[in-house]
1. Quick check on the exposure proxy: order Trp131, Trp180, Trp80 from fewest to most C-beta atoms within 10 angstrom.
2. Restricting everything to alpha-carbon atoms, can you work out Rg to Rh for region 31-190 with a Kirkwood hydrodynamic radius?
3. Run the numbers on region 67-135 and let me know its relative contact order in percent, using alpha-carbon pairs under 8 Å that are six or more apart.
4. With a cap of 13 neighbouring Cβ atoms within 10 Å, and only residues DSSP puts in a loop, list the trypsin sites (Lys or Arg not before Pro) found in region 54-124.
5. Relative contact order for region 31-190: what is it in percent, counting Cα pairs under 8 Å that are at least 6 residues apart?
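Here, each number is a calculation from the coordinates, and none is a lab measurement. The shown structure was predicted, so the numbers you read here are calculated from the model rather than taken from an experiment. In this analysis, Cβ positions are derived from the backbone assuming ideal geometry, glycine residues included, and neighbour counts consider all displayed protein chains.
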Amino acid sequence: MRNLFLIPIISVLFIAPLQAQRIQEKGIGIINLERHQFTVNLLGPGFRYEIGIIRNVTASTSFTPAFATYQEGYTFGYSWHLRLRYYHNFNQRLDINKNVVGNSANYIAAARSIFFEPLQLIDNMPDTGDWAFAFYGGVYGIQRTNRKGFNINAEVGYGYMRGDGLLNGHGPMVHITFGWVATKRKKKNSNFQIKN
């Protein structure tokens, strides 16, 4: 019965900021973020798809190489990544006349990455047959996209490693990609400075 009272409270907490966001953005949607961004990785084939959710927040999925290490060993190879990113410096970049097209900003993100043994290029994990582990943690990253669409994304993080065929543990992860944004990007004059 007590849970029935929580539903309206939670609804107000989530819907009110979205309504305020819509008013602040004057009905035009996300201010600085790309609505959809598909990036093809050029070094080590792969891809990333990123979707703008609300101001400064995106969700992304990618299949690209990454490096992780923890008590069981280290690995470098292909992994599947999920991110919920919060870009924190669009205003500062606009204030000094820097590019924000293609989500060119710094971010913090909740991260999940899954490493599968058959897709690893180099590792020193215990020989337990097929193994996999998932990284759950936080990352700090930078993303820059130039006018021609070339994109670099670099992030480093620390988190919990949940093993399948390996022991659980914790450790760092590094993920760097260089690619090309295949989707149409906003023009420079379509970016608006956020009013605080």
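1. Exposure proxy ranking, most exposed first: Trp180, Trp80, Trp131.
2. 1.02
3. Relative contact order comes out at 40 percent.
4. The qualifying sites are Lys98.
5. 25 percent
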